[in-house]
1. Restricting to the stretch 108-130, count the residues that are farther than 15 Å from PRO184 by Cβ and hydrophobic (A, V, I, L, M, F, W, C).
2. Can you tell me which residue within the stretch 212-225, out of those that are farther than 8 Å from ILE65 by Cα and assigned to a loop (DSSP other than H, G, I, E, B), is modelled with the highest pLDDT?
3. What number of residues within the stretch 226-238 are in contact with a strand residue (DSSP E or B) (Cβ under 9 Å, 6 or more places away or on another chain) and assigned to a loop (DSSP other than H, G, I, E, B)?
4. Identify the single condition in (1) in the same structural domain as GLY103 (by TED's automatic domain parsing); (2) surrounded by 15 or more Cβ atoms within 10 Å (Cβ to Cβ); (3) closer than 19 Å to ALA94 by Cα that TRP236 does not satisfy, given that it satisfies every other one.
5. I want to confirm something. Restricting to the stretch 165-203 and keeping residues that are charged (D, E, K, R) and outside any loop (DSSP other than H, G, I, E, B), which single residue is nearest to the chain's Cα centre (by Cα)?
6. Could you pull out the residue among PHE116, PHE108, PHE131 that is touching a residue at least 60 places away in the same chain (Cβ under 8 Å), surrounded by 22 or more Cβ atoms within 10 Å (Cβ to Cβ) and not charged (D, E, K, R)?
7. For the stretch 170-201, give me each residue that is farther than 30 Å from SER86 by Cα and either hydroxyl-bearing (Ser, Thr, Tyr) or crowded, with 19+ Cβ neighbours inside 10 Å (or both).
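The values are calculated or read from the model by the stated rules, or taken from the named source; none is laboratory data. The structure presented is a predicted model; accordingly, all values stated were derived computationally and were not measured. Note that we place each Cβ from the backbone using ideal geometry, even for glycine, and neighbour counts take in every protein chain shown.
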Amino acid sequence: MRRRDFLKTIGVASGASVIPFLRYLPAEAAGRYDTLVVVSGHGINSLDLHRKGTNRPSYQVTVNIYDRLVRFGVKQLEDGSLAYDSTKIEPEVAESWTISDDGKSLTFKINPKAKFWDGSPVTAHDVKWSFDRAVSLGGFPAVQMKAGSMTKPEQFVVVDDMTFRIDIPKASKLTLPDLAVPIPFIINSKVAKAKATDGDPWATEYLHKNPAGSGAYKLVRWDPGQQFVYLRNEDWALGPKPGVQRVIVREVPSAATRRALTERGDADLYMNVSAKDAKEFMEADKLTVSGAPIDNCMHVLALNLKHKPFDNVKVRQAIAYALPYKEILSAAAYGRGKGHVRRQGHCAHGYFVAPAVPL
């Protein structure tokens, strides 16, 4: 595939579930000097996803510079876009795992190929420290871990250096998938502990600006409010090597500037494109917009049942039938929305429309 053909295929990315894993990009994505230039309107505010207040854009950093025990698979959509496959769990740091007969214990064997950037092996001790941290710091990480029935450090057990076990109160089909989301990332605990203090036992101040991972990319530079730079981890052995050696992600607040940079070829990839720009890019037929629905997200119109007249189910049903769904999607998503209108039987909770997220 020639680079210009690649850019015509995914020069623009829209939708939060478009694959943020840089390791899936082919070599043809790179520009001069094996470098990919990405523009985005929202910058990161931390390199530590466990830190309170870390913003959504920082998620992409975590999934590129840190590994997890397992990861979601990838599927190809009808238009050729790649998206997560939440129905498929693949090995990452864990080369294999078993679930006890009663479903209350999950045991993972660590892949000996998993190495941190400093060359030290990823061990069960690192996994436990990282998971202990995720459930102890509070905030969203603790909430996310709780979704998989993981709430306290005592649940995480080092069986031996290369064997790690999770004990849960009762069998849950959500525990394994919950390990594939960004929050349960694995930190080099030796590096982090060396920077911890009595007042900061989890090294939050250090890891805020200094990652300690094992992922397919290293973060070699971060200029807050301007840019950050990835460099391929040549020693990463948990999958095929990423095709692009260096990635520069530039924060460009102006949508007009991001668009101009992309159209001129000064940027190779434009992330999180507005619906209006996406439509116009498609009509110009110079760059193809790549997007994917968000599997676990719904936009709903929810009425407060404590206030009249919305406590009357007939009123809620009337509003549901009166709403111009197609027109809303057309106006809000410039024709790129895909509506899945679902009126719940009696609108018991006040929800009555769940269109898919506009691409």
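1. So the first thing to find is which residues in the stretch 108-130 are farther than 15 Å from PRO184 by Cβ, and the list is 109, 111-113, 115-121, 123, 125.
Narrowing the set further to residues that are hydrophobic (A, V, I, L, M, F, W, C) leaves 116-117.
Qualifying residue count, the stretch 108-130: 2.
2. Pass one, the stretch 212-225, residues farther than 8 Å from ILE65 by Cα: 212, 220-225.
From the residues that got through so far, the ones that are assigned to a loop (DSSP other than H, G, I, E, B) too are 212, 224-225.
Details: ALA212: 97, PRO224: 93, GLY225: 91.
Result: ALA212.
3. 6
4. The one condition TRP236 does not meet is (1).
5. Going residue by residue through the stretch 165-203, those that are charged (D, E, K, R) are 165, 167, 170, 173, 178, 190, 193, 195, 198, 200.
Next, from what is left, pick out any that are outside any loop (DSSP other than H, G, I, E, B): 165, 167, 178, 190, 193, 195.
Working: ARG165: 25, ASP167: 25, ASP178: 12, LYS190: 26, LYS193: 26, LYS195: 27 Å.
Going through the qualifying residues, I end up with ASP178.
6. Numbers: PHE108 fails: touching a residue at least 60 places away in the same chain (Cβ under 8 Å); PHE131 fails: touching a residue at least 60 places away in the same chain (Cβ under 8 Å).
From the options PHE116, PHE108, PHE131, the qualifying one is PHE116.
7. Of the residues in the stretch 170-201, the ones farther than 30 Å from SER86 by Cα are 190-201.
Answer for the stretch 170-201, where residues must be farther than 30 Å from SER86 by Cα and either hydroxyl-bearing (Ser, Thr, Tyr) or crowded, with 19+ Cβ neighbours inside 10 Å (or both): VAL191, ALA192, THR197.
Yes/no per residue for (1) within 20 Å of ASP34 (Cα to Cα); (2) of a type in the set (Phe, Trp, Tyr); (3) touching a residue at least 40 places away in the same chain (Cβ under 8 Å):
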site: ALA194; (1), (2), (3): no, no, no
site: GLU205; (1), (2), (3): no, no, no
site: LYS209; (1), (2), (3): no, no, yes
site: VAL220; (1), (2), (3): yes, no, no
site: ASP223; (1), (2), (3): no, no, no
site: PHE228; (1), (2), (3): yes, yes, yes
site: PRO240; (1), (2), (3): yes, no, yes
